[in-house]
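Take a look at the structure set out below.
The values are calculated or read from the model by the stated rules, or taken from the named source; none is laboratory data. None of the values given here were measured: they were computed from a predicted structure. Please note: Cβ atoms are built from the backbone with ideal geometry, for glycine as well, and neighbour counts cover all protein chains shown. Quick note on the areas: whole protein, heavy atoms, side chains included, nothing else; ligands and nucleic acids left out. Shrake-Rupley method; radii C 1.70, N 1.55, O 1.52, S 1.80 Å.
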Amino acid sequence: MSVATETKLIAPHGGELVDRAGERPADLGALETLVLTSRELSDLDMLASGALSPLTGFMGRDDYEAVLESMRLANGLPWALPVCLAVDEAPAGDRLALGDRAVLEVEEVYEYDKEREAEQAFGTTDDAHPGVARLYEQKPLYLGGRVTVFERAQSPFPELARDPADTRAEFTLRGWKRVVGFQTRNPIHRAHEYLTKVALETVDGLLIHPLVGDTKSDDVPAKTRVECYRVLLDGYYPADRVVLSAFPAAMRYAGPREAIWHAICRKNYGCSHFIVGRDHAGVGNYYGTYDAQLIFDEFEPHELDIEPMFFEHSFWCKRCGSMASAKTCPHSADDHVFLSGTKVRELLGNGELPPMEFSRPDVAKVLISAYK
Ligand SMILES: [Zn+2]
């Protein structure tokens, strides 16, 4: 009996990687044109690449309703957030140009209730929530239909732009089968470095997958973050165990539901595991600390297939003499090197390095020069 050595990555969500790239139609100039918001453009590009498999376009009413009510598509497959296109009125024709990028086959136009979507998707109707605020500003109807994308979005980081088919090819080339994905929209300090390395100890490879779509204006800009990731990876991670690639999604700040959505997207990129920390994709105090972890219990394990890896906040413990968390360290907060986000920003803004137990000095220096 021989041992199987062939590597086999996790299947995409729904079984097949969707590819909605196609030819520019000859009659494009004759079509009515809709201008997309930057969030809709992010979604469109992810539809094109298969990052949102099994979706082939913007959601129709059945999928939309099922997602809001039960975190599933109409066919029962788990799906956590609406992927919808808002319009002012129904288009006259049965095809619509989406900017100079894509064509949508108009399948249905339907009304939706913004407050209900806010409550179901974001868990709040408070317009101080950035995701809810964006939803309330949207046009009043949704337009569902399949898209064909002939002009892909230009990535702000072309060298990091990898579609799901590309990351899958890369993982296969490296002989990886078990790959953990790490979503981030922040610079990586020691705490998150620790999580990714603890996860990496148990799998074949690590995909550092920073989100580079729209974020809140007070988040650290993607360009600065990418520079930080490079410095960190060059200095402190084994190159043959890590892939750095950009995740083109826009932040929705939907907390727990976005954690599920992020995991499903990463499954499409070929990840078998996904790191979920405390307050994943949260904002303000809208979500409980562990909500983004607990929500995974609402699915049977085989339904998502991708395995969430839950982590606590971690810190340097002076008495342990190592990174640790409440799960692994018995000492009190007095022994832990902890800095609030506000304190870190204050130090960096003043050109001062945070303690090296909190942040690698080479990473902090990138941030300091960005603050100037
Ligand atoms: Zn300790």
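For the chain, what's the relative contact order in percent, using C-alpha pairs closer than 8 Å and at least 6 residues apart? All intermediate terms of the calculation are to be shown ahead of the outcome.
On the way: 696 pairs, mean separation 66.2, N = 372.
Relative contact order, the chain: 18 percent.
Just L47, L36, L55 to compare: in a GNM of the chain, with alpha carbon springs under 10 Å, which one fluctuates most?
So, out of L47, L36, L55, the one fluctuating most is L36.
Compute the Cα gyration tensor for region 164-232, then decide on rounded, prolate or oblate, letting a ≥ b ≥ c be the square roots of its eigenvalues: rounded whenever a/c is under 1.5, prolate when a/b is larger than b/c in the other cases, and oblate in all that remain.
oblate
Quick one: work out the % antiparallel among DSSP beta bridges in the chain, nearest 5.
50
Sort 319-325, 228-234 for me by packing, meaning the mean count of neighbouring Cβ atoms within 10 Å per residue, highest on top.
On the way: 319-325: 15.1, 228-234: 18.4.
Descending mean neighbour count gives 228-234, 319-325.
Over the Cα atoms of region 89-196, what is the Rg over Rh ratio if Rh follows Kirkwood?
On the way: Rg = 19.6 Å, Rh = 18.3 Å.
Rounded to two decimals, Rg over Rh is 1.07.
Given a 1.4 angstrom probe, I'd like the percentage of the accessible area of the chain that is carbon and sulfur, rounded to a whole number.
Values: 8190 of 16860 Å².
After summing per-atom areas, the C and S share lands at 49 percent.
How much accessible area per residue does region 205-280 have, in Å², with a 1.4 Å probe? Each step should come with its number before you reach the end.
Details: 2060 Å² over 76 residues.
Here the per-residue accessible area is 27 Å².
Please give the helix 222-236 orientation as an angle from the longest Cα principal axis of the chain, in degrees from 0 to 90, rounded to the nearest 10.
The two axes meet at around 40 degrees.
Calculate the all-directions average of the projected area of region 37-165's alpha-carbon convex hull, and give it in nm². Don't jump to the answer; show the numbers that get you there.
Working: hull surface 33.4 nm².
Projected area, direction-averaged: 8.4 nm².
Hey, could you grab the Kirkwood Rh for region 5-98? Inverse mean 1/r over distinct alpha carbon pairs, Å, one decimal. Let's see the in-between values first.
On the way: mean 1/r = 0.0662 Å⁻¹.
Radius from the Kirkwood sum: 15.1 Å.
Can you tell me the orientation of helix 190-200 relative to the chain, as the angle in degrees between its alpha-carbon axis and the longest Cα principal axis, to the nearest 10?
Orientation of helix 190-200: about 70 degrees from the principal axis.
List the equivalent ellipsoid semi-axes of region 157-285 in whole Å, largest first, each obtained as the square root of 5λ for an eigenvalue λ of the Cα gyration tensor. List each step's numbers first, then the result.
Working: eigenvalues 90, 52, 44 Å².
Each semi-axis is √(5λ); the values are 21, 16, 15 Å.
Kindly give the semi-axes, whole Å and largest first, of the ellipsoid equivalent to the chain, taking each as the square root of 5 times a Cα gyration tensor eigenvalue. Mind showing how you got there, number by number?
Numbers: eigenvalues 253, 112, 86 Å².
The equivalent ellipsoid of the chain has semi-axes of 36, 24, 21 Å.
Cα-Cα pairs above 16 Å in region 198-263: how many percent? Numbers along the way, then the final one.
Working: 1196 of 2145 pairs.
Roughly 56 percent, once rounded to a whole number.
Where does helix 256-268 land angle-wise versus the long Cα axis of the chain, in degrees 0 to 90, nearest 10?
Its long axis makes an angle of about 80 degrees.
Please work out how many pairs of lysine residues in the chain are eight or more positions apart (or on different chains) and have Cα atoms closer than 26 angstrom.
Lysine pairs, 8 or more places apart or on different chains, close enough: 28.
Could you work out the relative contact order of region 239-372, using alpha carbon pairs under 8 angstrom and six or more residues apart, expressed as a whole percent?
Details: 150 pairs, mean separation 22.6, N = 134.
Reported relative contact order: 17 percent.
If you project the alpha carbons of region 97-151 onto their three principal axes, what span does each projection cover, largest first, in Å?
Cα spread of region 97-151 along its principal axes, largest to smallest: 37, 22, 15 Å.
At 1.4 Å probe size, with no ligands or nucleic acids counted, give the accessible surface of L244 in Å², nearest ten.
Taking all protein chains as shown, L244 has close to 20 Å².
Would you kindly find the accessible area of R178, with a 1.4 Å probe and non-protein molecules such as ligands, DNA and RNA excluded, rounding to the nearest 10 Å²?
100
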